[in-house]
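The structure appears right after this line, and notes come after that.
The values are calculated or read from the model by the stated rules, or taken from the named source; none is laboratory data. All values derive from a computational prediction rather than experimental measurement. All Cβ positions, glycine included, derive from the backbone under ideal geometry; neighbour counts span all protein chains shown. These accessible areas exclude ligands, DNA and RNA; they are computed on the full protein's heavy atoms, side chains included. Shrake-Rupley method; radii C 1.70, N 1.55, O 1.52, S 1.80 Å.
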Amino acid sequence: MFSKTTNCPCVPVKIAERKGFLTIMKFIRYLIVFLLVGCSSQSTAQQLFHQDIYYGGVTAAGFSTGIGAWWPEDTITVNIEPGSTIRNAWMFVYSMGHPDEHSIVLDGELIEVDTNIHLISTFTNPNPQSNPVRLYAVNIKNIVEPSKNKYPIEILNIDEPINWGWWSPILYIEYENSTLDKVSTSLWYNDLDMIGLEVYNFYGLNTINFSDDIGLSIFTDRAGGFNPYDIFLNDTQIGEFNQNDSYNTSTNGVGIQGHFYYQNSELFGLGDDVPNTTLYGSDGIAVINSYLNSGDTGYQLKMEHHQNPSPTYRKAINLIFPHAYTTPCDTFSTQIIADTAVCSGDSLQLFASGGSSYEWLNTAGMDAPNSATPTVSPDSTQLYVVRIENTPGCSRTEQVLVEVNINPSIDSVRVTPETCGDENGEVKIWRQAANPSTLTLDNTTQQSGTFSNLVGDTFALQINDANQCSLDTTIVVPVEIDVDASFEASPESGPEPLQVNVENTSQNATDYEWYIDDAFWDNTTHTSAYFDTAGVYTVALYTFNNRPECIDSASINIVVNDTIYARIPNIITPNGDATNDAFTIDVRRAKKIEAHFLNRWGNEINKAVKQSDGLQQTIPLWNGKTQQNEKVTEGTYFYTIRITSVANKKYDFHGHVQVSY
């Protein structure tokens, strides 16, 4: 950048030569101030707003309402050469505190001051009732008419706390006219905090013709009169602002406005401003050739309050610094990308052309400030000014406004869970977005923030606004399963074979599946089962609501007891008539039968071991004879029988049997 930062070394300061006691007192006062504030003065290269070369002229004027007064109407008088066309025109205005967005009526046209896109500078004023200070620039080229020099202006009244409000509108107009000499303009604006000692460094002016007027104009507010300032150029005092601007005499603290026009190589004053070499009283313009060395393209301007450091409530508000001069540089054309917008967090490429070198003066979020095509990713709306040099020492600026649109945001979200299987989930979203905006939840797009009839799931949400900015996030709709599986079995235990009836008592379910020992059994609401084999059987119910994942389960163990059926006779008649000739046993679920037969003295007379297949059978065990195949005598005999069931359980039976012939 053609800017330069000047440090504040602790060395003696050159002061203007004065004689006698006043000179001594001035030196002492300055020295005391220097010792008190040391290097606290602000010194920086100022922000260049605009620079150009063309045939024509430039004019600027403004008015102030002063301190604490409300005088919202006036007429601003400028000077535009007849037959000209308007090349550029801006209105500058500043606010203090945090007033509402405001409107100004200029020549009957309503100008809406947008506190986002028109803001060019923010700086502080130590007075808490006047802080912060914000400077705005509004393009008014479509309002200014070449044939008109008087512009009625009204700041629409607003009810704000003391000092809060909109102040000091300034009109700055460049006009083209082929019958006029070539002119170069350089327009800077203030970006220093107001402390009562402001040092400005203006560098990078075009090559200057020192034989013609080099015009400087200063626009301030709340300076002069009760708030006097000394003005120094390259450490030489060239003036003292100590009177109210006579252009605005309605109240105190109206500041100094350097009303002027410049054309045909000469600076002219408007109102009370005189185009001489000093800036005294309320005069805000000067021809500064004599303070510069031939070949200079920059200088230092210092504005120092008489009571530096000045009281908190006595600070000037410095605004803009127009310069006009002639140059040997030729006019040339340049181009720049049109004003554009970007979403917060995104980037875009700027484009400028028409020069041999490029210097972007605002580098916020910029990757290559000396490129014709830098990429920017600003975090707030920015006015990017590029200085385009055609030949060494000859440059002009172009401007592009990059508006940063805030991405949509979510204020709050209310999620109603889905009752599993009912598809009754809901998402309600409250959002901040440039309207019209749409919301897309998975594949459903709508303007309403309420999405109904949702299943429980994770959804992709995208909010798109009118600025084509978007927000991407996810929303989870939980699932609440209220299916309650239950049933009753009757009976839950008993001997084989066992018939079990099952009654389903489940709640909030639509589908049922029955399993016995993990094997599917039935899908009716109620069921039954027949168990012909002893064992423990698990009867399980799986029930769900419309969808298999909306499931609950319950189970009951059914106990089927292992039982042996045995019919044992108590008399046999082994007489050979084929009726009841043998001791037989009717059994079921038997695998093995072991029998021992005893006489009355306990002596074993016979025995038998038989196998069975578990089915109901009649099995002969004794034919009424001894082991030697001899018939026993009539009488009473005893037996012990052990039956091993198919479940390998053993059952013992004891009794007696009567043998008769």
Applying the Karplus parametrisation 6.51 cos²θ - 1.76 cosθ + 1.60 with θ = phi - 60° to the phi angles of region 331-336, what ³J(HN,Hα) value in whole Hz is obtained for each residue in order, glycine and proline being reported as x? 6, 7, 9, 9, 9, 8
Counting Lys and Arg as +1 and Asp and Glu as -1, each charge on the Cβ, what is the dipole of the chain about the Cα centre in debye, to the nearest 20? 2080
From the helices alone, meaning DSSP H stretches of at least four residues, give me the mean residue ellipticity at 222 nm for the chain, per-run term -39500 (n - 2.57), in deg cm²/dmol to the nearest 500. -1000 deg cm²/dmol
What does the charge add up to near residue 641, with Lys and Arg as +1, Asp and Glu as -1, over the other residues with Cβ less than 10 Å from its Cβ? -1
Where a label projected 7 Å from the Cα of residue 555 along Cα→Cβ would reach, residues of region 506-525 with amide N under 17 Å: 513-522
Out of 543, 501, 566, whose Cα points farthest toward the positive end of the dipole of region 497-612 (charges: +1 Lys, Arg; -1 Asp, Glu; placed on Cβ)? 566
Run the reach check for residue 607 against aspartates and glutamates, Cα to Cα strictly under 13 Å, same-chain hits fewer than 8 apart removed. What comes back? 594
Angle between the chain longest axis and helix 20-37 axis [Cα atoms, degrees, rounded to 10]: 10
For the pair residue 445 and residue 277, how long in nm is the line joining their label points, each one 7 Å along Cα→Cβ? 7.1
So how much accessible area does residue 409 have, in Å² to the nearest 10, using a 1.4 Å probe? 50
With DNA, RNA and ligands ignored, accessible area of residue 330 (1.4 Å probe; Å², nearest 10): 110
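Can you work out the FRET efficiency for the pair residue 603 and residue 533, with r the C-beta to C-beta distance and R0 = 41 Å, to the nearest 0.05? Please report the intermediate quantities before stating the final value.
On the way: r = 41 Å, r/R0 = 0.99.
That gives a FRET efficiency of 0.50.
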Fully extended, how many nm does the chain gain between residue 525 and residue 503 (0.36 nm per residue separation, minus their Cα-Cα distance)? 7.1 nm
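Students sometimes get this wrong: rank 305, 98 by accessible area, probe 1.4 Å, all chains present, largest first.
On the way: 305 0, 98 100 Å².
From most accessible down to least: 98, 305.
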Computed for region 491-554: size of charge dipole around the Cα centre, +1 on C-beta of each Lys and Arg, -1 on C-beta of each Asp and Glu, debye to nearest 20, value 140
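Throw me the Rg/Rh for region 484-526, computed over C-alpha atoms with Kirkwood Rh, two decimals. Present the calculation step by step, with values, prior to reporting the outcome.
Values: Rg = 11.5 Å, Rh = 11.6 Å.
Reported Rg/Rh, Kirkwood definition of Rh: 1.00.
Region 104-189: Rg/Rh from Cα coordinates, Kirkwood Rh?
Details: Rg = 16.0 Å, Rh = 15.6 Å.
That ratio equals 1.03.
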Rolling a 1.4 angstrom probe over the protein chains, ignoring ligands and nucleic acids, what is the accessible area of residue 49 in square angstrom, nearest 10? 0
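Would you kindly state how much longer the chain becomes between residue 629 and residue 434 on full extension, computed as 0.36 nm times their sequence separation minus their alpha carbon distance, in nm to one decimal? Write out the running numbers ahead of the final one.
Numbers: separation 195, 0.36 × 195 = 70.20 nm, distance 11.45 nm.
Gain on extension, residue 629 to residue 434, equals 58.7 nm.
Rounded to the nearest 0.05, what FRET efficiency is calculated for residue 482 and residue 517 with R0 set to 25 Å and r the Cβ-Cβ distance?
Values: r = 29 Å, r/R0 = 1.15.
Taking R0 as 25 Å, the efficiency between residue 482 and residue 517 is 0.30.
Rounded to the nearest 0.05, what FRET efficiency do residue 145 and residue 75 have when you use their Cβ-Cβ distance and R0 = 22 Å?
It comes to 0.90.
Given the alpha-carbon gyration tensor of region 376-417, what are the semi-axes of its equivalent ellipsoid in whole angstrom, ordered largest first, with each equal to the square root of 5 times an eigenvalue?
On the way: eigenvalues 400, 9, 5 Å².
Computed over region 376-417, the values are 45, 7, 5 Å.
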For region 250-341, would you read off the P(r) tail past 17 Å as a percentage of all alpha carbon pairs? 66
State which entries of 592/631; 141/315; 150/315; 150/302; 182/315; 141/182 exceed 28 angstrom in Cα-Cα distance in the structure shown. 141/315; 150/315; 150/302; 182/315
Return the Cα extents of the chain along principal axes one, two and three, sorted largest first, each rounded to a whole Å. 170, 55, 51
